[in-house]
Structure formats: structure tokens, C-alpha cells
Amino acid sequence: MNFDMKQPGKEIVIIGAGPAGLATALQLKRYGISPLILEKDQVGGLLRNANLVENYPGFPGGISGIKLVKLFQKQIDSSEIRVSFEAVTEMAHSGTRFEIVTSENTYTPDVVIIASGTKPRTLEANLAQEEVKDKIYYEVYPLLRSKSKRITIIGAGDAAFDYALNLAKNNEVTILNRGNQVKCLPLLWERALISKHITYLSEVRTRSIKLGVNNGLLLECESCSDKLVLEADFIVTAIGREPAIDYVSISLKNEARELEKKQKLYFVGDVHNDLYRQTAIAVGEGIITGMKIFRYLEVTSK
Ligand SMILES: Cc1cc2nc3c(=O)[nH]c(=O)nc-3n(C[C@H](O)[C@H](O)[C@H](O)COP(=O)(O)OP(=O)(O)OC[C@H]3O[C@@H](n4cnc5c(N)ncnc54)[C@H](O)[C@@H]3O)c2cc1C
């Protein structure tokens, strides 16, 4: 069965080209359905940051996030899946259709898959001087080519340690934990402990981030009762993430459950998975969603 996307009732938009959005599109393609993916940045989403993905079946010994994304990219290219690079800024619903406003266009699809993942929690607004904010990162991906830099990571969960292991291949990394408990996978902790290029400091709270000498950064911190000043070239913060759904109107958020029941709206992957944010889960949900949409279209087109 080949659904014509131009026919009313069949227009499908996927927001986000991370693992969840891509898997949904791949499954729909198998039924001859061509969704449109809207992506604000690059294909692969958060996965581009992963140092070593060891829990995605098919890759004994693991695979880096970047390599896995390259394979995803190859697959969507060969499946001729359409990805349009535009950021969704607003999304509402009225009557039987959605209205999606992007930086470039307005779309009015019948079915929408929200696969926009998560956004990082940011540092307190007044912690860093304005002139140093371009040296503070919320993902590791833009720094992967840096060499011999001093990089401070704020956070103590899986992402913080994974970022550290990734950057410590070519840089000196310091991890700052404001508490005394490490919240990452034991194997990440063990790998960080044996790295000569990672320093771990616990019970250190960053109080201010200023411009230092030679365009570097000065972090004024408190450790128990002591004051501590650290120097860095860059900071990466990994202090938690939350669903990236700022573009969804309040009325649509209220109506979402109803639209999900009517099989018009789907949330897939990290965007709704709280603690269970993993690639294989996002991909599995994408496949199920593609199957559900096909069944729904099959029934309603009879
Ligand atoms: C450091 C690190 C290490 C990790 N390691 C592993 C691991 O070893 N194993 C594992 O299974 N998982 C790992 N993960 C988790 C994995 O990356 C995520 O679970 C997975 O990427 C989630 O896929 P997703 O498609 O739901 O969301 P995302 O990958 O976040 O993709 C969402 C996409 O939506 C786009 N988007 C957001 N808002 C908009 C908008 N308004 N308009 C248009 N597009 C938008 C984003 O740009 C992004 O491309 C790791 C994550 C990190 C950060």
C-alpha cells in the first residue's frame, strides 16, 4: 500500500532527527509512507556526544556515537528519507490539523511525531560573566577536535563522566561534583579513575566564572570551608536535561493526551522517557510508532 502524502489525512511530520525520529521514519518508509523530518541542528541528535555506545546490539566492543550516527545517516540517505533543516518554533492544534511554524515555513500535518529529545539544564544566569558565555558548552560534540586544552566539567552523572572520557583522549579534564556522591555507571567511574588526564573533585561548588589571563576562564569555587580558584579553557556543564518541548503551545499540551488516544500525536524517545534515555529504547519506540501509524492509516483509509 502506498500512501500519498498530499492526500488529506496522511501528512506526517516528525520533529527531530535523533535516533527516535529516524527510526520512526525508517519504519514508515517500509510501508511506503514518506514523512517529513524537521531538524534544527544535525542528524543524530544527542547521540553525537556519546563516547562509546556499548549497549546498542550489533557492535561488539561498542561504537562511538559519531560512528553510529554516520551509519544512521547512510541508512536514511539510502532510504531517501526527507530531512529539512529548520527549527520548529511553534506548534498548535486546531480542528483536525496541527500547525507547525518553523524558521522557514508553516506546515499543517494531520499526524505529528514529537521526537525532539531533551535540552540541557543551564547554569544559574548570574554565575558566569557575559563575556565568557561562549566558552561554556552544554554538549561535548563541538569540542571533540580540541587538543591540549584544560576543560572543566560541571556535573557527576553518566553524561559528565562520558564527556570526560571522550575529551580526556586529547585534553586535561577536571570534573567538579558539588556533592560527594558519584551518580554514573560504575564502569564509567572506574575508567575515569585510571585516566591520567582526568581529575575528579568532590564537594566543590562553582560560585563565579570570569575571564582570566590569556582569554582563559577563572572559576571561583567553594570546597567545604575553603575557597578554590581553578583555571580552564572551556567548561562543559552536565547538570541534567529536560524535555525539549518549548515550541508546543499550552493549549496543545493540555490536549496532548486526547490527541495521543486519537493516534494523531506521538511522543517518541528521550522527550518523554525521563530516566530511561537510551538509544535502543528511542529506536524501539520509533519502530513501534511507525507500526501504529501504519495500522491507523490502514484502518481509516478503508
Ligand atoms: C554523553 C552521552 C552519552 C550517551 N551514551 C549512550 C550510550 O552509551 N548508549 C545509549 O543507548 N545511549 C546513550 N546516550 C543517550 C542517547 O544519546 C539518547 O538516548 C538518544 O540520542 C535519544 O534519541 P532521541 O531521538 O529521543 O533524542 P535526541 O537524540 O536528543 O534527538 C532529538 C533531536 O531533535 C532535535 N530538535 C530538538 N528541538 C527541535 C526543534 N524545536 N525543532 C527541530 N528539531 C529539534 C534535536 O536537534 C535533536 O537532533 C548518551 C547520551 C549522552 C549525552
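The values are calculated or read from the model by the stated rules, or taken from the named source; none is laboratory data. Just so you know, these numbers come straight off a predicted model, no measurement behind them. Quick reminder, even Gly has a Cβ in these numbers, built from the backbone with ideal geometry, and neighbours come from all protein chains shown.
Could you tell me which residue of region 195-237 is modelled with the highest pLDDT, considering only residues that are small (Gly, Ala, Ser) and farther than 20 Å from Glu130 by Cα?
The residue in question is Ser195.
Here is a yes/no grid of residues against (1) out of contact with any strand residue (DSSP E or B) (no Cβ under 7 Å at 6 or more places or on another chain); (2) free of Cβ contacts under 8 Å to residues at least 60 places away in the same chain; (3) closer than 30 Å to Leu38 by Cα; (4) crowded, with 19+ Cβ neighbours inside 10 Å:
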{"residue": "Ser148", "(1), (2), (3), (4)": "yes, yes, no, no"}
{"residue": "Ala160", "(1), (2), (3), (4)": "no, no, yes, yes"}
{"residue": "Ala164", "(1), (2), (3), (4)": "no, yes, no, yes"}
{"residue": "Leu176", "(1), (2), (3), (4)": "no, yes, no, yes"}
{"residue": "Ile198", "(1), (2), (3), (4)": "no, yes, no, yes"}
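Of the conditions (1) away from the ligand (no atom under 12 Å from the Cβ); (2) touching an Asp or Glu at 6+ places or on another chain (Cβ under 8 Å); (3) farther than 13 Å from Leu252 by Cβ, Gly117 fails just one. Which one is it?
It is condition (1) that Gly117 fails.
From the residues in region 27-47 that are part of a helix (DSSP H, G or I) and more than 8 Å from the ligand (Cβ to nearest atom), which one is farthest from the chain's Cα centre (by Cα)?
Once the filter is applied, the top-ranked residue is Arg30.
Filter region 48-59 for residues that are near the ligand (Cβ under 8 Å from one of its atoms) and without any contact (Cβ under 8 Å) to a residue 40 or more places away in the chain and give the result.
Passing the criteria: only Glu54.
Sort through Thr89, Thr102, Thr24 and tell me the only one that's within 21 Å of Ile288 (Cα to Cα), of a type outside the set (A, V, I, L, M) and within 14 Å of the ligand (Cβ to nearest atom).
Thr24
Which condition number in (1) within 10 Å of the ligand (Cβ to nearest atom); (2) buried (at least 21 other Cβ atoms within 10 Å of the Cβ) is the one that Gly62 fails?
(2)
Select, from Ile245, Ile288, Ile281, Ile293, the only residue that is within 15 Å of the ligand (Cβ to nearest atom) and more than 20 Å from Thr118 (Cα to Cα).
Ile288
Does region 192-212 contain any residue that is aliphatic (A, V, I, L, M) and within 16 Å of the ligand (Cβ to nearest atom)?
Yes, region 192-212 has at least one match.
Just for strands (runs of 3 or more DSSP E) wholly inside region 83-130: which have at least 3 residues that are over 19 Å from the mean Cα position of the chain (by Cα)?
Working: elements: 88-94, 97-102, 111-114, 118-120.
It comes to 88-94, 97-102.
Hey, among the residues in region 179-203 that are among the hydrophobic types (A, V, I, L, M, F, W, C) and not in a loop (DSSP other than H, G, I, E, B), which one's farthest from Ser225 (Cα to Cα)?
That would be Leu187.
Given the criterion within 25 Å of Leu144 (Cβ to Cβ), touching a helix residue (DSSP H, G or I) at 6+ places or on another chain (Cβ under 9 Å), touching a residue at least 40 places away in the same chain (Cβ under 8 Å) and away from the ligand (no atom under 16 Å from the Cβ), identify the matching residue among Gly240, Gly269, Gly216.
Being within 25 Å of Leu144 (Cβ to Cβ), touching a helix residue (DSSP H, G or I) at 6+ places or on another chain (Cβ under 9 Å), touching a residue at least 40 places away in the same chain (Cβ under 8 Å) and away from the ligand (no atom under 16 Å from the Cβ) holds for just one of Gly240, Gly269, Gly216, which is Gly216.
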